[in-house]
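Participant: Mind having a look at this structure? Questions to follow.
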Amino acid sequence: MSAGKQPGKAIKLTNVSVVRLKKGGKRFETDLSEVIQIESVFTNVSKGAVASADDLQKAFGTSDVKEVMMQILKKGELQVGEKERAVELEELRREICTEVASRCVDPNTQRPHTVGMIEKAMNEIGYNVQGSKVAKAQASPPTSSLFSHPLHLELTGNCPPLQALDLIKVLQAKKTLPIARAQMRVRVTMSSKEGKKLKEKIMPLVTKVEDDEWSEEWELVALIDPGSFRVIDDLLQKEVKGPKKIETMSFAAVEDDGRIE
C-alpha cells in the first residue's frame, strides 16, 4: 500500500467546500464543511488521499496537521463543487440582471424593465456570464484551538456592474429589448465655500453637467445614474456644514455613454 493512502480511513466527501494550496511541488487540500469535517490534510479530498507526514514536513516544515491546516486556510484557494458553482453562477446572472434593471428603462415608455424581462432577453441572445467569483479563505493565526477562530472568505472576480454595462450594450446592439440607460436630473445646492471643498468628490458621480452656477451659493444641475443619488446625499450629510440639498428634477432615458458607477 503506497504511503499517503489510507483506504481504511478514507471518507467519500461529496459536495464539500475545499481549500487547496500548492506547495513544494505538491497539492494539499483541507475540507471546510461545517468549518472542519475531519482533521486531515489530503493530496486529493475527493479520492480520500491523505498526505503523508513526510510530504507535510517537506512542504510546510512541519508534520503537525493542525498547523498545516491553518497554513492552507490562510494561503489556499477555496475550491467550489459543481453544485455550488452552478448556484454561484446563477446568483451572478441574477445580480447582473438586477443591476441592469435598476439602471435602465424602456425608452418608449420611460418605465423600468423587470429583472425577469432582463433575464429572458439575456437568455434569448445567449449571453454568457464571464466566469464566477473566486473565493480565498483567510483565517486568524492559530492558537491552542483550531476551531476558536472565525473563517473569513473574500470574494473577488468579474464585477457584476461592469458585466451589466456590457449586457446593456449587447441588448442595444441586438435590439432584443428596447432599453436605454436611465438618468436622473438633479439639483445640488450648498454654500460656495462648502462647494469648493466638495466639488471634486461630486463631479466623478456626474454623467453630464447642465448648469454650474457660483455666487454665494453653488448650484449644480446635472444628470447622474440613479445609483449615485444616495452617494451624493451621503456626502452632503457627512461633509457639508450648513444648508445643503440634492433634489430630483426629472428622469430621462439617454444614450449609453460607457460609464457605470
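Participant: If you scan segment 101-128, which residues turn out to be at pLDDT 90 or above and in a helix (DSSP H, G or I)?
Facilitator: Answer for segment 101-128, where residues must be at pLDDT 90 or above and in a helix (DSSP H, G or I): VAL115, GLY116, MET117, ILE118, GLU119, LYS120, ALA121, MET122, ASN123, GLU124.
Participant: Of all residues in segment 145-200, which are open to solvent by less than 60 Å² (accessible area, probe 1.4 Å), at pLDDT 90 or above and either in a loop (DSSP other than H, G, I, E, B) or among the acidic types (Asp, Glu) (or both)?
Facilitator: Passing the criteria: LEU177, PRO178, ILE179, GLU194.
Participant: Of the residues that sit in segment 185-203 and are among the aliphatic types (A, V, I, L, M) and in contact with a helix residue (DSSP H, G or I) (Cβ under 8 Å, 6 or more places away or on another chain), which one is nearest to ARG103 (Cα to Cα)?
Facilitator: From segment 185-203, those among the aliphatic types (A, V, I, L, M) are 186, 188, 190, 198, 202-203; that's our starting set.
If we keep only those that are in contact with a helix residue (DSSP H, G or I) (Cβ under 8 Å, 6 or more places away or on another chain) as well, we get 186, 188, 190, 198, 202.
Values: VAL186: 16, VAL188: 21, MET190: 27, LEU198: 25, ILE202: 19 Å.
Among residues in segment 185-203 that are among the aliphatic types (A, V, I, L, M) and in contact with a helix residue (DSSP H, G or I) (Cβ under 8 Å, 6 or more places away or on another chain), the one nearest to ARG103 (Cα to Cα) is VAL186.
Participant: Is it true that VAL105 is among the hydrophobic types (A, V, I, L, M, F, W, C) and open to solvent by 20 Å² or more (accessible area, probe 1.4 Å)?
Facilitator: Details: among the hydrophobic types (A, V, I, L, M, F, W, C): yes; open to solvent by 20 Å² or more (accessible area, probe 1.4 Å): no.
No.
Participant: What pairs come up if the first residue lies in segment 65-76 and is farther than 9 Å from ARG20 by Cα, the second is small (Gly, Ala, Ser) and open to solvent by less than 90 Å² (accessible area, probe 1.4 Å), and their beta carbons are under 6 Å apart, counting only those six or more places apart or on different chains?
Facilitator: From segment 65-76, the pairs are LYS74/ALA139.
Participant: Also: Please name all residue pairs, on different chains or six or more residues apart, with Cβ atoms under 8 Å, provided the first residue is in segment 117-128 and is over 14 Å from THR98 (Cβ atoms) and the second residue is assigned to a helix (DSSP H, G or I) and of a type in the set (D, E, K, R).
Facilitator: Listed pairs, sorted by first residue: ILE125/LYS174.
Participant: Does ALA222 satisfy being at pLDDT 90 or above, surrounded by 13 or more Cβ atoms within 10 Å (Cβ to Cβ), part of a strand (DSSP E or B) and not hydroxyl-bearing (Ser, Thr, Tyr)? Walk me through it before giving the result.
Facilitator: Numbers: at pLDDT 90 or above: yes; surrounded by 13 or more Cβ atoms within 10 Å (Cβ to Cβ): yes; part of a strand (DSSP E or B): yes; not hydroxyl-bearing (Ser, Thr, Tyr): yes.
Spelling it out, ALA222 is indeed at pLDDT 90 or above, surrounded by 13 or more Cβ atoms within 10 Å (Cβ to Cβ), part of a strand (DSSP E or B) and not hydroxyl-bearing (Ser, Thr, Tyr).
Participant: May I ask you to list the residues in segment 232-255 that are part of a strand (DSSP E or B) and at pLDDT 85 or above? Steps first, please.
Facilitator: The first filter runs over segment 232-255 and keeps only residues part of a strand (DSSP E or B), leaving 244-254.
Matches in segment 232-255: LYS244, LYS245, ILE246, GLU247, THR248, MET249.
Participant: What are the residues in segment 204-219 that are within 23 Å of VAL100 (Cα to Cα) and either assigned to a strand (DSSP E or B) or free of Cβ contacts under 8 Å to residues at least 40 places away in the same chain (or both), if any? Lay out the reasoning, then the answer.
Facilitator: Filtering segment 204-219 for residues within 23 Å of VAL100 (Cα to Cα) gives 204-208.
Scanning segment 204-219 gives PRO204, VAL206, THR207, LYS208.
The values are calculated or read from the model by the stated rules, or taken from the named source; none is laboratory data. Computed from a predicted structure; not experimentally measured. All Cβ positions, glycine included, derive from the backbone under ideal geometry; neighbour counts span all protein chains shown. To get the accessible areas, we keep the full protein, side chains included, count just its heavy atoms, and leave off ligands, DNA and RNA. Shrake-Rupley method; radii C 1.70, N 1.55, O 1.52, S 1.80 Å.
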